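The values are calculated or read from the model by the stated rules, or taken from the named source; none is laboratory data. Keep in mind that this is a model prediction, so the values were computed, not measured. Here the Cβ is made from the backbone with ideal geometry for all residues, glycine too, and neighbour counts use every protein chain on show.
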Amino acid sequence: MDILFRGGRVFAPEGVVDAAVLVREGLIAAVGAERELSRAAHETVDLDGGLLTPGFVDAHIHPVQAGLERAKCDLSELFGLDAYITKINDYAAKNRDKEWIDGGGWDMAAFPGGLPHREQIDFLDRPVYLIQRDHHAAWVNGRALERAGITRDTPDPADGRIERDASGEPTGVLHEGAMDLVGLLTPRPTTQDLLDALADAQRHLFSLGVTGWQDAIVGSYAGSDDQLPTYVEAARSGMLRARVTGALWWDRTRGLDQIEDLVARRATAAGLDRFAATSVKIMQDGITENFTAATLEPYCLCGGTGLSYVDPYKLREYVAELDRRGFQVHFHAIGERAVREALDSLEGTDPANRHHIAHLQIIEPSDVPRFAALGVTANLQPLWATHHAQMDELTLPYLGERRSSWQYPFADLLAHGTRCCAGSDWPVSDPDPLQGMHVAVNRTEPGGSVHAGYPTARTPFLPGQRIDLATAMTAYTSGSAWINRSPAGAIEPGRPADLVVLDRDPFDLPPAEIWTTRVRMTFVDGLPVHETH
């Protein structure tokens with residue numbers, strides 16, 4: 001059936017245009033004047049003054065994990081200890097049959113110094129394991145520590161830290177690799193749990209106009225379960241409608257010996273229509289707030305330069321071999337040293353493999369031009385580039401003024417010709433691309449954010465790094481689709497009709513109101529997968 005989208009403007013490769021779009025047999029057949037295309041249409045979708053965009057593509061996201069957390073004790077929509085305790089109590093009361101109380105979504109900024117304490121949840125009669133919103137720490141109670149055998153004498157793992165009080169006793173916060181000490185003891189989700197989580201996440205993402213993504217960890221990490229079989233089954237059964245690339249997890253406890261395993265894992269998804277496992281995720285450091293992000297100079301006030309999870313000299317050898325085998329490398333790099341180590345390892349690699357570095361919180365200025373020079377894509381998470389409690393109270397004081405000014409340099413990257421894609425890191429942060437676009441344009445918190453009431457939330461964060469809406473939307477559409485080698489991502493003839501109908505035209509709004517835009521309808525291959533009633 002031919003469908004005509006009319007009555008609004010279209011975000012096309014050349015920008016926002018006054019046009020109608022004809023869809024035929026799941027593909028975009030034509031973009032042009034309504035009077036010329038209307039003769040062929042059997043059905044019409046009235047944009048009603050809204051904007052038609054390509055389906056959004058999230059270049060760094062964890063949907064299965066998000067779906068699992070939504071089904072557990074989910075703190076992600078709350079803020080503050082009182083709200084957390086109320087939710088935890090309510091969850092415990094409703095789930096008396098569960099051996100563990102697990103979930104996550106707590107915000108470091110809700111606690112003094114960014115650290116909760118086991119005593120705050122020691123009143124519960126079961127072990128508790130709650131993952132921090134950023135997924136770089138876990139909050140546990142005394143029963144969980146006992147179950148894991150963690151005492152003052154337990155050594156820190158090489159890739160993590162057990163938070164301790166002045167007397168050396170564990171406080172109930174486990175950083176990075178230390179999370180596994182408890183996380184691996186929690187009940188494992190069943191095969192059906194994982195499929196249900198993916199289905200729930202896909203429904204939610206469709207409601208936000210997201211029709212494709214790159215899952216940034218497909219493998220076992222920090223108590224998680226391997227999600228490769230989940231995606232393969234979902235793709236084979238037809239449940240997976242979105243276009244997805246999986247980034248296979250690089251096990252930092254191993255070396256080159258794991259590459260043959262990665263090649264075999266990639267092959268399990270070969271030939272699937274909706275899923276490919278062609279990327280490899282290397283997590284090179286942690287985060288600034290717990291001082292595990294790898295920096296070139298010591299953190300202010302506390303010292304230390306963070307952690308490089310993979311030896312930077314060996315990293316070059318690993319990346320060179322992955323590149324030779326045709327893998328795309330997807331880096332996590334927060335601190336400026338981790339960014340430099342990732343760029344160094346990508347020297348001499350093939351740009352055709354579409355390597356990219358995600359997060360990029362801090363980039364030493366001399367490294368900014370290297371992205372374009374090496375053909376490396378900058379994978380942006382715009383929502384983080386604002387003034388909020390975590391930034392102002394847990395980051396800026398420890399980075400210092402000079403290094404703080406190097407954060408999230410979107411405009412500088414673009415000025416040097418860097419290709420950009422964008423993502424959310426959900427469940428770390430809100431998966432709504434329109435909220436991310438709002439921050440990219442304004443460098444302020446969206447009005448609907450839980451942090452919108454913070455005193456400096458409407459003060460632009462490094463306003464010189466703002467970018468325009470068309471550039472931000474391009475990153476969330478064709479930029480991220482390119483990373484995934486997806487045929488979608490743009491409204492032009494011959495492309496799959498993965499389309500989003502917005503309830504208004506954000507290009508007609510004052511920039512401060514971009515966040516108010518909502519998704520009315522989402523289409524995949526010309527078929528509706530979401531509609532607001």
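Does G104 fit the bill of being at pLDDT below 95 and either out of contact with any strand residue (DSSP E or B) (no Cβ under 7 Å at 6 or more places or on another chain) or not assigned by TED's automatic domain parsing to the domain that holds D508 (or both)?
yes
If only one of P170, P229 is buried (at least 20 other Cβ atoms within 10 Å of the Cβ), more than 18 Å from the chain's Cα centre (by Cα) and not basic (K, R), which one is it?
Just one listed residue meets the conditions, P170.
Looking at D180, D193, which is the one that is within 24 Å of the chain's Cα centre (by Cα) and either closer than 30 Å to D273 by Cβ or outside any helix (DSSP H, G or I) (or both)?
D193
Of all residues in segment 233-268, how many are part of a loop (DSSP other than H, G, I, E, B) and at negative phi?
Counting residues in segment 233-268 that are part of a loop (DSSP other than H, G, I, E, B) and at negative phi gives 10.
For the subset of segment 187-206 comprising residues that are aliphatic (A, V, I, L, M) and in contact with a Ser or Thr (Cβ under 9 Å, 6 or more places away or on another chain), which member is surrounded by the fewest Cβ atoms within 10 Å (Cβ to Cβ)?
Once the filter is applied, the top-ranked residue is L195.
Using the structure shown, decide if A333 is surrounded by 16 or more Cβ atoms within 10 Å (Cβ to Cβ) and either closer than 25 Å to R161 by Cβ or among the β-branched types (V, I, T) (or both).
Yes.
Could you count how many residues in segment 363-387 are under 19 Å from the mean Cα position of the chain (by Cα), of a type in the set (A, V, I, L, M, F, W, C) and either surrounded by fewer than 17 Cβ atoms within 10 Å (Cβ to Cβ) or over 15 Å from D412 (Cβ atoms) (or both)?
The number of residues fulfilling the criteria is 2.
Inspect segment 208-216 for any residue being in a helix (DSSP H, G or I), among the β-branched types (V, I, T) and either on the phi < 0 side of the Ramachandran plot or surrounded by fewer than 24 Cβ atoms within 10 Å (Cβ to Cβ) (or both) and give the result as yes or no.
For segment 208-216, residues in a helix (DSSP H, G or I), among the β-branched types (V, I, T) and either on the phi < 0 side of the Ramachandran plot or surrounded by fewer than 24 Cβ atoms within 10 Å (Cβ to Cβ) (or both): absent.
Which residue is modelled with the lowest pLDDT, if the candidates are limited to segment 137-178 and must be on the phi > 0 side of the Ramachandran plot and in contact with a His (Cβ under 9 Å, 6 or more places away or on another chain)?
Filtering segment 137-178 for residues that are on the phi > 0 side of the Ramachandran plot and in contact with a His (Cβ under 9 Å, 6 or more places away or on another chain), the one modelled with the lowest pLDDT comes out as E176.
Restricted to segment 58-105, and to residues that are among the charged types (D, E, K, R) and without any contact (Cβ under 8 Å) to a residue 40 or more places away in the chain, which residue is surrounded by the fewest Cβ atoms within 10 Å (Cβ to Cβ)?
D97
Looking at (1) buried (at least 21 other Cβ atoms within 10 Å of the Cβ); (2) in a loop (DSSP other than H, G, I, E, B), which one does R126 not meet, given that it meets all the others?
(1)
Would you pick out the residues in segment 247-271 that are in contact with a helix residue (DSSP H, G or I) (Cβ under 7 Å, 6 or more places away or on another chain), of a type in the set (D, E, K, R) and within 12 Å of F327 (Cβ to Cβ)?
Across segment 247-271, the qualifying residue is only R265.
Tell me, yes or no, whether segment 162-171 has at least one residue that is in contact with a Pro (Cβ under 8 Å, 6 or more places away or on another chain) and in the same structural domain as T292 (by TED's automatic domain parsing).
No, because not a single residue in segment 162-171 is in contact with a Pro (Cβ under 8 Å, 6 or more places away or on another chain) and in the same structural domain as T292 (by TED's automatic domain parsing).
Give the number of residues within segment 447-481 that are within 23 Å of R518 (Cβ to Cβ), touching a helix residue (DSSP H, G or I) at 6+ places or on another chain (Cβ under 8 Å), without any contact (Cβ under 8 Å) to a residue 60 or more places away in the chain and not in a loop (DSSP other than H, G, I, E, B).
2
If you take the residues in segment 428-446 that are assigned to a helix (DSSP H, G or I) and over 27 Å from D200 (Cα atoms), which one is nearest to the chain's Cα centre (by Cα)?
The residue in question is A440.
Can you tell me which of (1) buried (at least 21 other Cβ atoms within 10 Å of the Cβ); (2) within 15 Å of L47 (Cβ to Cβ) is the one A481 doesn't meet?
A481 satisfies every listed condition except (2).
Which of the following residues is over 24 Å from I259 (Cα atoms) and crowded, with 23+ Cβ neighbours inside 10 Å: L360, L346, L394?
On inspection, the qualifying residue turns out to be L360.
Would you check which residues across segment 495-510 are in contact (Cβ under 8 Å) with a residue 60 or more places away in the chain and either in a loop (DSSP other than H, G, I, E, B) or among the β-branched types (V, I, T) (or both) and list them?
Once the filter is applied, which keeps residues that are in contact (Cβ under 8 Å) with a residue 60 or more places away in the chain and either in a loop (DSSP other than H, G, I, E, B) or among the β-branched types (V, I, T) (or both), segment 495-510 yields R495, A497, D498, V500, V501, D503, R504, D505.
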